[in-house]
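These notes concern the structure reproduced below.
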Amino acid sequence: LCREEAAELSSLKPQLEELGVSLYAVVKEDIGTEIQNFRPYFNGEIFVDEKQCFYGPKPRRMGLGLGLARMGVWQNLLRARKKGYQGNKKGEGFILGGVYVIGAGKQGILLEHREKEFGDKADHPSVLQAAKKIKKGK
């Protein structure tokens, strides 16, 4: 499901570039050709956080049982599949991700979307609105 969100966020890249805002992905691992296979979906720099520091002192997880019991997860999986997105079955797949818009200098986090269940996506107008608040060079 992260491929779907990566592609959709990448569609915002022209608007973000107009604002002078870069697009980055932080992934937790690189197994085999995982990042190479992810690149067609994400139009920005990709960083591997091998120590998973970015994911917090305690990564947020959703177990398979809890994940499969949620109707929203099934709806998200079906939506992504209908759009042609396929995931992979390599590595740790139970850590929830998120989308952040981080301002320059001391501005800090301007938007924080923590995935609540697999496939829960950030609101794109909110992402752009937060990006417009970034003050350059501060």
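The values are calculated or read from the model by the stated rules, or taken from the named source; none is laboratory data. This is a predicted model, so every value here is computed, not measured. Here Cβ is always computed from backbone atoms with ideal geometry, including for glycine, and neighbour counts include all displayed protein chains. Just the protein is used for accessible areas: all its heavy atoms, side chains included, with ligands, DNA and RNA removed. Shrake-Rupley method; radii C 1.70, N 1.55, O 1.52, S 1.80 Å.
List of remarks:
- For the stretch 41-62, filtered to residues that are open to solvent by 60 Å² or more (accessible area, probe 1.4 Å) and of a type in the set (Asp, Glu), the residue that is modelled with the lowest pLDDT is Glu50.
- Some residue of the stretch 85-103 being within 22 Å of Lys135 (Cα to Cα) and either in a helix (DSSP H, G or I) or at pLDDT below 80 (or both): no
- Scanning the stretch 105-123 for residues that are modelled with pLDDT of 90 or more and either over 30 Å from Met71 (Cβ atoms) or surrounded by fewer than 17 Cβ atoms within 10 Å (Cβ to Cβ) (or both) gives Lys106, Gln107, Gly108, Ile109, Leu110, Glu112, Asp123.
- Matching residues in the stretch 1-40 - criterion: being within 12 Å of the chain's Cα centre (by Cα), open to solvent by less than 60 Å² (accessible area, probe 1.4 Å) and closer than 18 Å to Val127 by Cβ: Leu1, Arg3, Glu4, Glu5, Ala6, Ala7, Glu8, Leu9, Ser10, Leu23, Ala25, Val26
- Inter-residue pairs, beta-carbon under 7 Å, first more than 14 Å from Asp120 (Cβ to Cβ) and open to solvent by less than 70 Å² (accessible area, probe 1.4 Å) and in the stretch 78-101, second modelled with pLDDT of 80 or more and assigned to a loop (DSSP other than H, G, I, E, B), 6+ apart: Gly91/Glu29; Gly91/Ile31; Glu92/Lys28; Glu92/Glu29
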